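Trainee: A single structure is presented below for examination.
FYI, it's all coordinate maths here, none of it is from the lab. As the structure is a computational prediction, the values presented were derived from the model and not from experiment. Cβ placement follows ideal geometry from the backbone for every residue including glycine, while neighbour counts extend to all protein chains displayed.
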Amino acid sequence: MVWLADRLFSVRTTRDASFNYLPGQFARIGLKSKPDLAEPDVWRAYSMVTHPLETELEFYCVVVPDGQFSPLLEQQPVGAPIWVERQSFGFLTLDRFTPADSLWLVATGTGISAFLPMLESSDIWQQFKTVVLVHGVRTPDELAYRDSIESLVEQRQDASGGKLKYLPICSQAALNGPNRITSLYENDTLESLANEPLNPEQSRIMLCGNPAMVTEMRNLLSLDGFAAGRRGVLGTLAVENYW
Ligand SMILES: Cc1cc2nc3c(=O)[nH]c(=O)nc-3n(C[C@H](O)[C@H](O)[C@H](O)COP(=O)(O)OP(=O)(O)OC[C@H]3O[C@@H](n4cnc5c(N)ncnc54)[C@H](O)[C@@H]3O)c2cc1C
Ligand SMILES: NC(=O)c1ccc[n+]([C@@H]2O[C@H](COP(=O)([O-])OP(=O)(O)OC[C@H]3O[C@@H](n4cnc5c(N)ncnc54)[C@H](OP(=O)(O)O)[C@@H]3O)[C@@H](O)[C@H]2O)c1
């Protein structure tokens with residue numbers, strides 16, 4: 001699936017029966033940089049978009065123009081082999097948190113990948129009354145998976161258990177100046193857009209994607225009392241950097 005030509009796409013692979021993971025985890029996927037190589041020689045981390053109950057794997061990918069891996073992945077024809085390491089990795093999972101009123105899932109760019117399988121898991125709707133999905137991108141055409149997220153928002157209106165709120169944020173298409181997740185948090189706009197409080201007493205929060213966003217948001221959230229779990233004590237904040 002191509003979301004934005006030469007820039008954003010998704011790939012599907014078969015899934016080995018022995019490959020298990022939790023929503024939010026990632027795999028290492030490999031490619032041969034030259035067809036005559038016996039083994040894949042370039043490997044990168046990619047979050048699974050699909051829920052673990054699905055029989056295939058899907059990955060959502062950006063093309064980094066000078067990158068070693070992502071342009072190669074984009075050029076693979078349908079049916080070409082892609083290697084998936086048997087082990088899954090990562091701690092951005094729902095078991096990081098005790099139940100709370102709301103769960104905030106905050107992503108930039110392809111960071112949304114990690115959150116998509118969580119929305120398909122029944123646990124999340126038992127654990128939280130509201131889930132707020134915040135997706136920060138440059139322009140509206142980068143809002144991949146928007147239709148499926150919006151239809152899930154509608155489905156959750158009628159379902160028992162938690163509701164889903166979706167906040168797409170476009171940094172370079174804002175009418176009133178810069179529109180980054182960090183500034184919207186600082187001036188309390190995120191809470192008002194979601195009509196949902198965001199504090200460590202009532203909320204849990206996950207951050208995923210651009211490391212600068214993760215660091216800045218983490219610093220701001222720490223000032224407001226959010227903290228990552230430590231030494232077996234569950235926290236109110238969990239993060240994953242994509243580079
Ligand atoms: C835990 C984890 C999960 C990841 N999941 C995904 C995923 O689901 N989808 C995905 O596309 N990438 C994901 N990545 C990034 C991915 O592993 C590669 O870095 C990316 O595909 C680019 O590879 P490359 O060799 O072309 O460039 P690299 O040499 O790996 O990266 C070059 C530069 O490109 C930029 N960059 C790298 N990745 C991204 C990105 N995802 N978005 C924006 N800029 C980026 C950074 O500035 C980086 O320094 C993940 C990384 C980690 C650590
Ligand atoms: N320069 C360009 O126009 C351009 C266009 C396409 C792709 N690229 C390259 O393509 C790659 C992927 O780009 P991408 O757009 O998918 O990912 P990205 O660079 O991580 O940007 C995704 C979103 O995160 C925001 N962001 C970045 N740093 C932040 C911070 N510290 N706090 C809060 N929000 C922050 C960006 O806002 P801002 O828009 O405010 O940065 C953007 O809305 C990168 O390597 C990039 O250099 C560049």
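Trainee: Which value in deg cm²/dmol, rounded to the nearest 500, describes the helix-derived mean residue ellipticity at 222 nm for the chain, given -39,500 (n - 2.57) per DSSP H run of n ≥ 4 and division by the residue count? Show your work: numbers first, answer last.
Mentor: Numbers: 7 runs with 54 residues, N = 243.
The per-residue figure over the chain is -6000 deg cm²/dmol.
Trainee: Quote the relative contact order of the chain in percent (integer), defining contacts as alpha-carbon pairs under 8 Å separated by 6+ residues. Show your work: numbers first, answer last.
Mentor: On the way: 460 pairs, mean separation 44.5, N = 243.
Relative contact order, the chain: 18 percent.
Trainee: Treating the angle as unsigned and between 0 and 90°, give the value, to the nearest 10°, between the Cα long axis of helix 146-158 and the longest Cα principal axis of the chain.
Mentor: 50
Trainee: For a test of the definition: using alpha carbon positions, the gyration tensor, and the 1.5 limit on a/c, classify the range 2-84 as rounded, prolate or oblate.
Mentor: Details: a/c = 1.81, a/b = 1.27, b/c = 1.43.
Here the range 2-84 falls in the oblate category.
Trainee: Given labels modelled 7 Å from the Cα in the Cβ direction, how far is it in nm from SER151 to HIS51?
Mentor: Between SER151 and HIS51, the label points sit 1.4 nm apart.
Trainee: Rounded to the nearest 5, what % of DSSP beta bridges with both residues in the range 54-191 are antiparallel? List each step's numbers first, then the result.
Mentor: Values: 0 of 16 bridges.
Antiparallel bridges make up about 0 percent of those DSSP assigns within the range 54-191.
Trainee: Between ASN187 and THR139, take the C-beta separation as r, use R0 = 22 Å, and let me know the FRET efficiency to the nearest 0.05.
Mentor: 0.50
Trainee: Report the FRET efficiency, 1/(1 + (r/R0)^6), for GLN202 and GLU39, where r is their Cβ-Cβ distance and R0 is 51 Å, rounded to 0.05.
Mentor: Values: r = 50 Å, r/R0 = 0.98.
In this case the efficiency is close to 0.55.
Trainee: Once label points are set 7 Å from the Cα along Cα→Cβ at both GLN68 and ALA173, what is their separation, rounded to one decimal in nm?
Mentor: 3.5
Trainee: Further, regarding this structure: Provide the percentage of antiparallel DSSP beta bridges, counting only those with both residues in the chain; round to the nearest 5.
Mentor: Numbers: 19 of 47 bridges.
The antiparallel fraction comes to roughly 40 percent.
Trainee: Starting from the Cα of LYS165, draw a straight line to each of the lysines and keep only those under 19 Å, dropping any in the same chain fewer than 8 residues away.
Mentor: Cα-Cα hits under 19 Å: LYS129.
Trainee: Additional query: For LYS34, give me every one of the aspartates and glutamates with a C-alpha distance below 20 angstrom, ignoring sequence neighbours fewer than eight places off in its own chain.
Mentor: By straight Cα distance, LYS34 reaches ASP66, GLU74, GLU85.
Trainee: Obtain the nm distance between the two label points defined at ASP101 and ARG218 by a simple spin-label model: each point lies 7 Å from its Cα along the Cα-to-C-beta direction.
Mentor: Each label point is offset 7 Å from its Cα along the Cβ direction, giving 2.7 nm.
Trainee: Write down the Å³ per residue value for the convex hull defined by the alpha carbon atoms of the range 94-241. Walk me through the numbers on the way to the answer.
Mentor: Working: hull volume 15.7 nm³, N = 148.
In the range 94-241, the Cα convex hull volume per residue is 106 Å³.
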